[in-house]
Protein chains: 2
Amino acid sequence: MLLGSVEAGGTKFVCAVGDEDYRVQTKTTFKTTSPEETLAKTIAFFAQFPELDALGIASFGPIEIRRNDPKYGYVTKTPKPNWSDTDFVGTISKAIKVPIAWTTDVNGSAYGEYTAATLFNEKNDSIVYYTVGTGVGAGIVVDGEFLGTTGHPEMGHVRVKRHPDDLTFAGICPYHGDCLEGLVAGPTFEARTGKKGQDVKSDDHVWDIMAYYLAQAALQATLTLRPDKIVFGGGVMSETFLAKVRTQFAELLNDYIEVKDLNEYLTLPVVKDNGSATMGNFALAMKELSK
Amino acid sequence: MLLGSVEAGGTKFVCAVGDEDYRVQTKTTFKTTSPEETLAKTIAFFAQFPELDALGIASFGPIEIRRNDPKYGYVTKTPKPNWSDTDFVGTISKAIKVPIAWTTDVNGSAYGEYTAATLFNEKNDSIVYYTVGTGVGAGIVVDGEFLGTTGHPEMGHVRVKRHPDDLTFAGICPYHGDCLEGLVAGPTFEARTGKKGQDVKSDDHVWDIMAYYLAQAALQATLTLRPDKIVFGGGVMSETFLAKVRTQFAELLNDYIEVKDLNEYLTLPVVKDNGSATMGNFALAMKELSK
């Protein structure tokens, strides 16, 4: 079987083909430019594989995911220039005539981690995946299905209790100021400290402040969804930082409900080299084919 | 068909029998005392109806809802004296030999509202139900199933951004201080103003403060679950108060995603006279029977 994956990010596209064991055979990466140019490159990549069976696309958003909506398959009102109201799936499917699965980038990653857990003999009925990078987003898989009736999750924009040492920072979200994304997205490093994230030392107090906010996000997801595990991916995350999140999560939860060992409950992605979304897309493509 | 309902609250039990159209035929209410006495009264009530087909129980918690757990059907570690580790379902099922559905009190109410919506020709695939009374809890129904893999939701204990005019109030939750429940449960009126809730005038600023917190809860539920509607029940709620919640919710959301008309999206219970849980229990009993 030959499966395709498009991980459509705001800065780059990763296209890949692989087999039913989720092994990547060929992969290419290119910059996200105009919709016309970027989707043409995507089509050109997959046109090399006429034996392709199905395709999974995980896209930056917001996107329309309700199958009965006339705009199903579109990138909708996005702040990304020129991409608003782009018929992503329609454009691809005119050229590549295979079943196409369509979801958000974070849902794709969530599904990859959900799938990977099974491969590692770790049964998870539900997974939450947060990405913390240029923005903050989350995907949720429960019993093999994505959560969200009227649309996909947008958990990057919840409000959180402010850290006592961070009360004056206004936050950088253009819509909400100090929502979660406005407080912990990558660019907040520069906004708070004048330094880029990679130049901020690991013992800088700003990490504790950000860990406090992510711990609250994990707490919200825990108390709402009671998932098997919560995965944190994205450029801002590291094992050192996640350890801080675990510590603050434990303090906030205060043993109110039982969760498993925090080293297993709050984790980095199991799939290496940012491959979660690609694996998720392969699995979703296969699922789409079996429909 | 004769269906039974037990709404097991921390202060009172409401037992009822009704038909397949969810019409209550007989109902009784008694105080929650010791588990032995209270469950004996429950059994005595249903023993009057040997033709009973199935029973739905919605209980205060925390409770064990995982069917494969040895403690399935138990009230687990509850702060309520004498009730910790009570085999609720086991005790009832020894005397009343019918299929029994078992969930939390708020899940029962959520299911009642989910069911009622259908009766009113209002299709909802997902509903969130918050109760705001002595405590704060929430239940979630998605596509006819309760959400929560490792346990039931405990959304009363999330953290929220503090209102600028409420920064010094420590909150009253014995576990977390200023979690949502610690900031908006009924007894916070007395803690903040020295007056009981029913004596606090509707133009008192404390209502705006509490509306701000509930609006954040509604925002979290919205951005996480993207539900069809969010219902607010419980003794603290009223249309006047909910109107304030809607206003603050709109400000917080800032049109980031589309939700339906707020008067339909954030509502009081459709089922009157606190009957949501009873209707939910009838519907769950019928569902259990059809398994």
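The values are calculated or read from the model by the stated rules, or taken from the named source; none is laboratory data. Source: prediction; values computed, not measured. Glycine also receives a Cβ, built like all others from the backbone with ideal geometry; neighbour counts cover every protein chain displayed.
A few comments on the model shown:
- Of the residues making up the range A:140-166, those that are part of a loop (DSSP other than H, G, I, E, B) and within 9 Å of chain B (Cβ to nearest Cβ) number 14.
- When residues in the range B:197-220 are screened for being among the polar types (S, T, N, Q) and more than 14 Å from chain A (Cβ to nearest Cβ), 2 of them pass.
- When the range A:32-46 is filtered for residues that are touching a residue at least 12 places away in the same chain (Cβ under 8 Å) and either assigned to a helix (DSSP H, G or I) or out of contact with any helix residue (DSSP H, G or I) (no Cβ under 7 Å at 6 or more places or on another chain) (or both), the ones remaining, listed by number, are A:SER34, A:PRO35, A:THR38, A:LEU39, A:LYS41, A:THR42, A:ILE43, A:PHE45, A:PHE46.
- Test: residue in the range B:171-190 that is part of a strand (DSSP E or B) and not hydrophobic (A, V, I, L, M, F, W, C): yes
- Selection of the range B:70-125 for residues being of a type in the set (Asp, Glu) and closer than 21 Å to B:HIS152 by Cα yields B:ASP85, B:ASP87, B:ASP105, B:GLU113, B:ASP125.
- Per-region count, the range B:170-224, residues within 30 Å of A:LEU147 (Cβ to Cβ) and of a type in the set (Asp, Glu): 2
- Any hit, the range B:273-289, residues being polar (S, T, N, Q), modelled with pLDDT under 95 and surrounded by fewer than 21 Cβ atoms within 10 Å (Cβ to Cβ): yes
- The one condition in (1) at the interface with another protein chain (Cβ under 9 Å from one of its Cβ atoms); (2) touching a Leu at 6+ places or on another chain (Cβ under 7 Å) that B:GLY171 fails to fulfil: (1)
- From the list A:VAL245, A:VAL236, A:VAL200, the lone residue that is β-branched (Val, Ile, Thr) and closer than 27 Å to B:VAL128 by Cβ is A:VAL245.
- Selection count, the range B:222-273, where residues are in contact with a helix residue (DSSP H, G or I) (Cβ under 7 Å, 6 or more places away or on another chain), charged (D, E, K, R) and within 14 Å of chain A (Cβ to nearest Cβ): 1
- Whichever residue in the range A:191-236 is of a type in the set (A, V, I, L, M) and not in a helix (DSSP H, G or I) and, among such residues, is surrounded by the fewest Cβ atoms within 10 Å (Cβ to Cβ): A:VAL200
- Breaking point among (1) in contact with an Asp or Glu (Cβ under 6 Å, 6 or more places away or on another chain); (2) within 14 Å of another protein chain (Cβ to nearest Cβ), for B:ALA101: (2)
- Residue ID - nearest to the other protein chains (Cβ to nearest Cβ), chosen from residues in the range A:118-139 that are out of contact with any strand residue (DSSP E or B) (no Cβ under 8 Å at 6 or more places or on another chain) and under 16 Å from B:THR149 (Cβ atoms): A:LYS123
- Any hit, the range B:161-173, residues being at pLDDT 95 or above, under 15 Å from the mean Cα position of the chain (by Cα) and not assigned by TED's automatic domain parsing to the domain that holds B:GLU64: no
- Scope the range A:177-196; condition more than 20 Å from the chain's Cα centre (by Cα) and at the interface with chain B (Cβ under 9 Å from one of its Cβ atoms); matching residues: A:ASP178
- Meets criteria (farther than 23 Å from A:THR222 by Cβ and outside the structural domain of B:LEU52 (by TED's automatic domain parsing)) for B:GLY112: yes
- Residue match in the range A:17-31 (condition: touching a strand residue (DSSP E or B) at 6+ places or on another chain (Cβ under 7 Å), in contact (Cβ under 8 Å) with a residue 60 or more places away in the chain and among the basic types (Lys, Arg)): yes
- Residue count for the range B:1-37 satisfying the condition of being in contact with a Ser or Thr (Cβ under 7 Å, 6 or more places away or on another chain), polar (S, T, N, Q) and surrounded by fewer than 19 Cβ atoms within 10 Å (Cβ to Cβ): 2.
- Subset of the range A:47-96 that is among the acidic types (Asp, Glu) and in a loop (DSSP other than H, G, I, E, B) - its residue that is surrounded by the most Cβ atoms within 10 Å (Cβ to Cβ): A:GLU64
- Failed condition for B:ALA117, given (1) at pLDDT below 95; (2) part of a loop (DSSP other than H, G, I, E, B): (2)
- Among the conditions (1) without any contact (Cβ under 8 Å) to a residue 60 or more places away in the chain; (2) in contact with a Ser or Thr (Cβ under 8 Å, 6 or more places away or on another chain); (3) under 23 Å from B:VAL17 (Cα atoms), B:GLY90 misses just one, which is (2).
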